[in-house]
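The values are calculated or read from the model by the stated rules, or taken from the named source; none is laboratory data. Nothing here was measured: the structure is a model prediction, and the numbers come from that model. A quick note on method: Cβ atoms are made from the backbone with ideal geometry, for glycine too, and the neighbour counts reach across all protein chains shown. Surface accessibility is based on the protein's heavy atoms, side chains included, excluding ligands, DNA and RNA. Shrake-Rupley method; radii C 1.70, N 1.55, O 1.52, S 1.80 Å.
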Amino acid sequence: MDKKNEKSELLLKVEEKIYPPEDIIKRAWIKDYDSLYQESIKDKEGFWDKVAQELHWFEKWDKVLEWDFPHAKWFVNGKTNITYNALDRHIKAGNGDKTAYIYVDEEGNEERITYRELLDKVNAFANGLKSLGLKKGDRVSIYMPNSIEAIIAMLGCARIGVIHSVVFAGFSEGALHMRINDATASAVITATYTKRRGKKIPLLPTAEKAVEGLDYVKHIIVWDRDKEGVAEKKGERYVDFEKLIEENKGDCEPEIMDSEDPLFILYTSGTTGKPKGVLHVVGGYMVNTYYTAKIYFDFHGDEVYWCTADIGWITGHSYIVYSPLMNGVTSVIMEGAPDHPHPGIWWEYVEKYKVNVFYTAPTAIRMLMRYGDQIPAKYDLSSLRILGSVGEPINPEAWHWYYEHIGRKKCVIVDTWWQTETGSQMISTVPSYPMKPGKAGKPFFTIEVAVVDKNGNELPPNTVGFLVIKNPWPSMLRTCWGNPERYKKYWNDINHYYNAEDLASIDEEGYIMIVGRADDVLNVAGHRIGTMEVESAIVEHPKVAEAAVIGKPDPVKGERIKAFVVLKVGVQPSEELKKEIQNTVREILGPIAIPEEIEFVEKLPKTRSGKIMRRVLRAKELGLEVGDLSTLED
Ligand code: WT7
């Protein structure tokens, strides 16, 4: 495992401990993490039983957990609706006029929506979906900009039990087609375009190409941003997003959902060419996301919060949409790039909206760091209290920059480790707890993790191994859509523990350091990309015979993609051809998956059974030990 050697020196460097400021400790919900954690481990079900009672249920559960390995049911027979907890509950408590979201774009255009207004639109949209014949259990794909409209679409589905499957708007037609088709969505909700770096990037044409030949997609609901009458012009299959809301105003009773009823599918990359549809259900996801946000972000309800992720990823689902609403906070949501029109735009908005809790990814921090300390120095960032990090390991250098130049040493950093599959944050330090730069921290209440070898034996401190979770948790994925075997694999790989497919180590004090993926999955700028997905896209180019893809360390993105390409017989390599191959990947998967570097080779290293040995290519490329070559064919 070459990643191991590379990162082991890091272990020695990360030793420092930083204590949270007094005022943060004073305010914090949790002041005695260690003892509460121990208690929670002794009575896991009792812990979640208490948490779940903070939310509204139409009918209480009879049992907190039913664990029939590897299948879990949480809050068994409980009846609820997550939108009720996200919206109605606050309105009933007299907080309907509170701002739920402040939408901003790169130009400073702003749009606000209160909890009451949001509920009205969600109800109208849900009524609209019903009028189109959609019902509980149907799937709908959402391919939309990071916007209030996308949130209305998601919550509108959840209101009536329609399963949403959001597809990141940066994906292209091939990736979108695969996701719509795998979920057999009855409708696609999209927009005419999304805005980024001052440009309008069309979405509708991509959605239209993606649904070609998919007859079961009955409706294409379009948010017609410039009111061009698109739906009318296009004909019967098309529905205008805003008109649908306008024409279906009125209450929509929340569908009574069983705890274990599906809430959404979200596709994520794995080792095979085809992403898996991670399925989350209503009850456990609701309780777990609500409570982790409350604890790690120390939400009391009066915060302004900004998560810079996109609704197209799990971070957006859990920590832009569902948990901030359930905690009754005001969220900023931005459409656009972090450094456009200028590299201080994020800090400008933090100052303008007096953001208290800010949640972003290390790749963005590293990028903004490069513009220099004088950029954030221009802004008043004194409203900030908690700084979150997510998506990839945060290197100590970026950690310190975030801590000093954004937090001004008055904030805490919560480096939250989790995954699409876990649904909510699993490892971090609660705000009152000492931090170690570069180490995510300790498990959330009731969660038991370990670092083990491939047989499940626990490894000594500071040794890199596989990160596993020993016991079920409420927001764990319930299955992979249409692929129950893949689900079981998570629990059957290593000693009946949940295999996170990450490498990590734990120090003597129990702090966990995440090293990176243990599988053939890349983390490019916090985006999870499967090597085989990229390889399959490359070989779509008519002149390509074979391809192998590796990740190379990148100072900003964490990893960047390099492809080794074998051309078909008689084809001459050229710079032109590299560009064509990059374009093929852009068209099929999207810009995030483009290999920055392409090298033409005669053949690829393979095992005797024909598997590409990416680790050999990677080791050669990076000048590392190649390791065991006994299975190499040639
Ligand atoms: C993978 C999951 C969870 C939301 C965003 C990504 C990596 C995530 C951290 C962190 C080190 C991290 C892991 C994980 N990862 N958070 N704080 N420190 N690595 O969700 O797309 O499902 O990717 O992201 O490798 O397995 P995802």
If you add up the charges near D97, with Lys and Arg at +1 and Asp and Glu at -1, over every other residue whose beta carbon is less than 12 angstrom from its beta carbon, what do you get? +2
For the range 365-496, what does the relative contact order come out to in percent, with C-alpha contacts under 8 Å and a separation of six or more? 17 percent
I need the Kirkwood Rh of the chain: take the reciprocal of the average 1/r across all distinct C-alpha pairs and report it in angstrom. 25.1 Å
Report, to the nearest whole %, how much of the accessible area of the range 490-626 belongs to carbon and sulfur atoms, 1.4 Å probe, protein only. 50 percent
Estimated 222 nm signal from helices in the chain, with DSSP H stretches of n ≥ 4 weighted -39500 (n - 2.57), rounded to 500: -8000 deg cm²/dmol
Order W347, W313 by their accessible area, 1.4 angstrom probe, all chains in place, largest first. W313, W347
Find, among the trypsin sites (Lys or Arg not before Pro) in the range 121-200, those assigned to loop by DSSP (not H, G, I, E, B) with at most 11 other beta-carbon atoms within 10 angstrom. R197
What does the charge dipole of the range 340-401 about its Cα centre add up to, to the nearest 20 debye, if the Cβ of each Lys and Arg holds +1 and the Cβ of each Asp and Glu holds -1? 100 debye
Residue-ordered couplings for the range 568-573, obtained by feeding phi - 60° into the Karplus form 6.51 cos²θ - 1.76 cosθ + 1.60 and rounding to whole Hz (Gly and Pro as x), are 5, 4, x, 7, 8, x
What is the percent carbon and sulfur in the accessible area of the range 142-287, measuring with a 1.4 Å probe over the protein chains and ignoring ligands? 49 percent
Go through the range 52-161 and name the GluC sites (Glu not before Pro) that are in a DSSP coil and have 15 or fewer other Cβ atoms within 10 Å of their Cβ. E54, E107
Could you pull the Cα extents of the range 174-226 along its three principal axes, largest to smallest, in whole Å? 35, 20, 15
In square angstrom, what is the accessible area per residue of the chain with a 1.4 angstrom probe? 38 Å²
Say the cut-off is 19 Å between C-alpha atoms; which of K276/K489; K26/K409; K489/K606; K31/K98; K92/K135; K50/K79 go over it? K489/K606; K31/K98; K92/K135
Residues other than N495 with Cβ under 12 Å of its Cβ, Lys/Arg counted +1 and Asp/Glu -1, net out at -1
Sequence order, the range 176-191: Karplus ³J(HN,Hα) from phi using 6.51 cos²θ - 1.76 cosθ + 1.60, θ = phi - 60°, Hz rounded, Gly and Pro as x, gives 5, 4, 4, 6, 5, 5, 5, 8, 6, 6, 7, 8, 10, 9, 9, 9
HN-Hα J in Hz across the range 25-39 - Karplus 6.51, -1.76, 1.60, θ = phi - 60°, x for Gly and Pro: 4, 4, 7, 4, 4, 10, 10, 10, 3, 4, 6, 5, 4, 4, 4
Enumerate by residue number the GluC sites (Glu not before Pro) in the range 471-579 meeting two conditions: DSSP loop (anything except H, G, I, E, B), and at most 16 other Cβ atoms within 10 Å of the site's Cβ. E508, E509, E540
I'd like the accessible area for V51, computed on protein heavy atoms only with a 1.4 Å probe and all protein chains in place. Round to 10 Å², please. 10 Å²
What does the charge count around T360 come to, taking other residues whose C-beta lies under 13 Å from its C-beta (Lys +1, Arg +1, Asp -1, Glu -1)? -3
